[in-house]
């Protein structure tokens, strides 16, 4: 039996329900001082709910929580802070117009004025102790994603937290930033901090944690020593059966011209260049991966290609058949409706599934109808065809839903994504653009998405896949385009490139961009000569 004096946290038989939904059932969890515990589980397994009870956002229906051996009642985040518990959420809770130092002390009791010199010195002391790199006087809106995360971590340390919970901390970090974060976590562990990290990335779990706790369908399965675990063993514990962890990359599929983007430039309403002279080709029968840290122009690129974002300069040439002749249609300046009227079949799966992709309050049938309701002729709307389509997609994609008339908002993230992808693929596109299709999805749902993309590739579709997991991008892509600050810093072969090289390209545009432009021009000239 474990010595309770070394336990920072003990959760015993903790249960939480929301109506008829059981989020956690009799969960037991132990976190020791001076260790990093990884919390694993599929979507809907209850990881975040469990941590929200530890951080005071939810209160358990029953069960006990012990902090350093003493039973406690955590009814609010304020109670959690008083007990030395701090949670760093995936979506940062910072005020953009304030400095790092101001965000760190925001909400703490004190007078009307701040001793900025003393505050900055204390922040620098914390930074030096754990290896952070932060300027206390820098405004949040001027910071990179990793700098913002650093502010969040220092914020809880400044408040005296000895127990830290990090929810998907590496989701939008480069490999170099991830390794830097792990060095900081190890330094905190050496200082006897107790750390819980929630992540879907199994290789990171094996790299940084001491033990791994697994939840499945709201229930506690086991806690294992990381040194005795493998990606395969952890996956099988998560899902309850054997799963193949290899992502297919079908080779030898004939490539055909689809899209030529030349010097694409987009400027937002504030006059800031979001895309700067972006050039690349996309071919039918391949997956073109797009990598870059958050805010590098991925969103603007997707929306510019689909007619949803204004283009300042450059061209988007779509290889299309008109009256039996192949022509390059320039899509710049055309609305989505005008693109459709040109006979161009394009599908877009946006990052914002329930804001931009689907209507949450509508059911599956109505959401499928949204794609092509304008094609109906006559006064009556055909509801039978989309209903049959919905039933077929449920069977083919194994969508878990009570029925075709259940509102989309009631489905899990993975099932919502399957509905969206299924609807877009149903129109047999020549070009499929997907933005972060596996974000927040469990391993089973993620692999279903990757299989769907490969199926489209085999049909000769040009797939543009904007992703954030470099391991996945390297495995599934035929070519990989790297964006940095709205510019193309390189287009590389994933088979011969390392994660570290891509990570450097994600934060620096150098000679690789010039080389890429020269190669692209050479390839296009050769293709034109061949034709």
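Reported count of residues in the stretch 292-308, each being over 17 Å from residue 282 (Cβ atoms) and not in a loop (DSSP other than H, G, I, E, B), is 1.
Number of residues in the stretch 423-455 that are assigned to a helix (DSSP H, G or I) and farther than 22 Å from residue 342 by Cα: the value is 13. Please verify whether the stretch 45-57 includes one or more residues that are surrounded by fewer than 17 Cβ atoms within 10 Å (Cβ to Cβ) and assigned by TED's automatic domain parsing to the domain that holds residue 233. Yes, there is a match, as at least one residue in the stretch 45-57 is surrounded by fewer than 17 Cβ atoms within 10 Å (Cβ to Cβ) and assigned by TED's automatic domain parsing to the domain that holds residue 233.
Residues checked against (1) touching a strand residue (DSSP E or B) at 6+ places or on another chain (Cβ under 7 Å); (2) at pLDDT 95 or above; (3) within 20 Å of residue 89 (Cβ to Cβ):
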{"site": "5", "(1), (2), (3)": "no, no, no"}
{"site": "17", "(1), (2), (3)": "yes, no, no"}
{"site": "20", "(1), (2), (3)": "no, no, no"}
{"site": "24", "(1), (2), (3)": "yes, no, yes"}
{"site": "31", "(1), (2), (3)": "yes, yes, yes"}
{"site": "65", "(1), (2), (3)": "yes, yes, yes"}
{"site": "68", "(1), (2), (3)": "yes, no, no"}
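Number of residues in the stretch 167-215 that are part of a loop (DSSP other than H, G, I, E, B) and either crowded, with 17+ Cβ neighbours inside 10 Å or in contact with a helix residue (DSSP H, G or I) (Cβ under 8 Å, 6 or more places away or on another chain) (or both): the value is 14. Of the residues making up the stretch 360-395, those that are at pLDDT below 90, farther than 17 Å from residue 426 by Cα and either surrounded by 16 or more Cβ atoms within 10 Å (Cβ to Cβ) or out of contact with any strand residue (DSSP E or B) (no Cβ under 8 Å at 6 or more places or on another chain) (or both) are 377, 378, 379, 380, 381.
Considering 339, 316, 394, 368, the condition of being assigned to a helix (DSSP H, G or I), touching a residue at least 24 places away in the same chain (Cβ under 8 Å) and assigned by TED's automatic domain parsing to the domain that holds residue 456 is satisfied by 339 alone.
Checking residue 458 against (1) modelled with pLDDT of 85 or more; (2) within 28 Å of residue 257 (Cβ to Cβ); (3) under 24 Å from the mean Cα position of the chain (by Cα): exactly one of these is not met. Which one? Every listed condition holds for residue 458 apart from (3). Taken over the stretch 463-490, the criterion of being in a strand (DSSP E or B), buried (at least 22 other Cβ atoms within 10 Å of the Cβ) and either modelled with pLDDT under 95 or touching a helix residue (DSSP H, G or I) at 6+ places or on another chain (Cβ under 7 Å) (or both) is satisfied by 463, 465, 466, 480, 482, 483, 484, 488, 489, 490. When the stretch 91-130 is limited to residues that are outside any helix (DSSP H, G or I) and over 31 Å from the mean Cα position of the chain (by Cα), the one that is surrounded by the most Cβ atoms within 10 Å (Cβ to Cβ) turns out to be 114. With respect to residue 83, is the statement that it is under 28 Å from the mean Cα position of the chain (by Cα), surrounded by 16 or more Cβ atoms within 10 Å (Cβ to Cβ) and in contact (Cβ under 8 Å) with a residue 40 or more places away in the chain true? No, not satisfied.
Among the residues of the stretch 383-423, those that are within 22 Å of residue 443 (Cα to Cα) and out of contact with any helix residue (DSSP H, G or I) (no Cβ under 9 Å at 6 or more places or on another chain) comprise 395, 410.
The values are calculated or read from the model by the stated rules, or taken from the named source; none is laboratory data. These numbers were taken from a predicted model, which means no experiment stands behind them. All Cβ positions, even for glycine, are placed from backbone atoms using ideal geometry, and neighbour counts span all protein chains on display.
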